[in-house]
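In what follows, a structure is listed as structure tokens, so that the remarks can point back to it.
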Amino acid sequence: MRFDHVEYDVDDHVGIITLDRPEAANAQSEKVLVELDEAWRLAESDREVKVIVLRSTGRHFSAGHDMSGTQPTSADTEIPLPDSMYDWETRYYFHFAKRWRDVPKPSIAAVQGKCIAAGLMLCWPCDLIVAAEDAEFSDPVLFMGICGVEYHAHTWEFGPRKAKEILFTGDSITAGEARQLGMVNQVVPPAELLPATLRLARRIARVDGFALRMAKRAVNRSLDAQGFSAALEASFDMHHLGHNRALVITGDKPALVNLAAMKERKAE
């Protein structure tokens with residue numbers, strides 16, 4: 001099944017979700033996120049699918065949220081009020097990412113090129129990550145006056161000190177560094193990214209589906225018992241404290257505080 005920016009296919013018990021917006025470096029508009037969520041729902045409900053693969057086309061996995069200002073938006077987002085933005089981001093950013101994390105079937109993200117800010121919100125909900133050697137991961141949104149992307153899993157993915165370093169500096173880490181930190185499972189040559197990901201997915205698909213579901217649930221519940229979900233909720237509220245402060249400073253869209261510094265940082 002194909003939408004405008006997303007494709008969904010099934011191959012040998014593997015549901016493959018493909019983000020196909022390479023001309024925009026796979027940036028995420030509201031439409032893209034809705035289509036991705038629908039594809040996740042298709043894969044979750046499809047009895048033939050035992051493992052889900054999330055991938056994207058083009059040079060880069062995802063440049064994050066679409067900040068062009070040209071994408072369709074909900075009526076509420078035209079009004080820069082804290083409650084409107086909080087409700088909109090809760091639905092399209094936070095709840096989507098949490099729901100994808102909790103899909104009971106194992107999932108694998110295949111990441112190439114740049115994975116910036118909200119790009120992390122696509123791969124982090126997946127159970128495993130296979131990265132191409134050219135993959136780079138970053139979250140430079142402190143330059144926008146916020147504490148990190150809405151799905152704030154940095155501490156869990158990087159460890160506390162590395163999470164602080166990445167957030168404080170806006171620097172990126174390589175695929176190799178991400179593997180050393182435990183965030184990435186495999187690093188492969190770019191040409192091998194999809195084949196290697198599908199080999200891993202098909203290997204997992206040979207395991208009993210119920211056992212896979214319970215193993216995933218056991219690990220996720222262990223993380224939740226340590227405070228993972230509660231920490232995400234608290235960080236999301238801090239994220240919006242930053243948005244509200246930005247709104248006071250700029251009198252405009254809450255996301256635009258210190259945007260010039262962020263663009264300057266990207267140009268370095």
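The values are calculated or read from the model by the stated rules, or taken from the named source; none is laboratory data. What you see is a predicted model; the values in this text were computed from it and never measured. Note: ideal-geometry Cβ built from the backbone for every residue, glycine included; neighbour counts use all protein chains shown. Heads up: the accessible areas ignore ligands, DNA and RNA and are worked out on the full protein's heavy atoms, side chains in. Shrake-Rupley method; radii C 1.70, N 1.55, O 1.52, S 1.80 Å.
Structure data summary
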read-out	value
Projected label distance in nm at R206 and L223, using a 7 Å step from Cα toward the beta-carbon	2.7 nm
Cα lying deepest toward the dipole's positive end in the chain, options M85, C123, P195, charges on Cβ	P195
Stretch gain in nm, segment T169-E133, where the contour uses 0.36 nm per residue and the Cα spacing is subtracted	10.7 nm
15 Å beta-carbon shell around D20, net charge (K/R +1, D/E -1)	-2
Positive-pole candidate from G58, A215, L241, dipole of the chain, charges at beta carbon	A215
Nearest-20 debye value, segment 79-175 charge dipole, Cβ charges on Lys, Arg, Asp, Glu	240 debye
Mean shadow area of segment 74-162, taken as a quarter of the surface of its Cα convex hull (nm²)	7.0 nm²
Segment 136-249 - percent of accessible surface contributed by carbon and sulfur, probe 1.4 Å	57 percent
Dipole magnitude of the chain, debye to nearest 20 (Cβ charges: Lys/Arg +1, Asp/Glu -1, about Cα centre)	840 debye
Candidates D127, D208, D171, ranked by Gaussian network fluctuation over the chain, Cα under 10 Å, top entry	D208
C-alpha long axis of helix 209-225 to longest principal axis of the chain, angle in °	30 degrees
Antiparallel bridges, percent of DSSP beta bridges restricted to segment 1-73 (to nearest 5)	50 percent
In segment 1-64, GluC sites (Glu not before Pro) in a DSSP loop with at most 16 other beta-carbon atoms within 10 Å	E48
Considering only the chain, percent of DSSP beta bridges that pair antiparallel, nearest 5	30 percent
Rounded to the nearest 20 debye, dipole of segment 191-246 from Cβ charges on Lys, Arg, Asp, Glu	380 debye
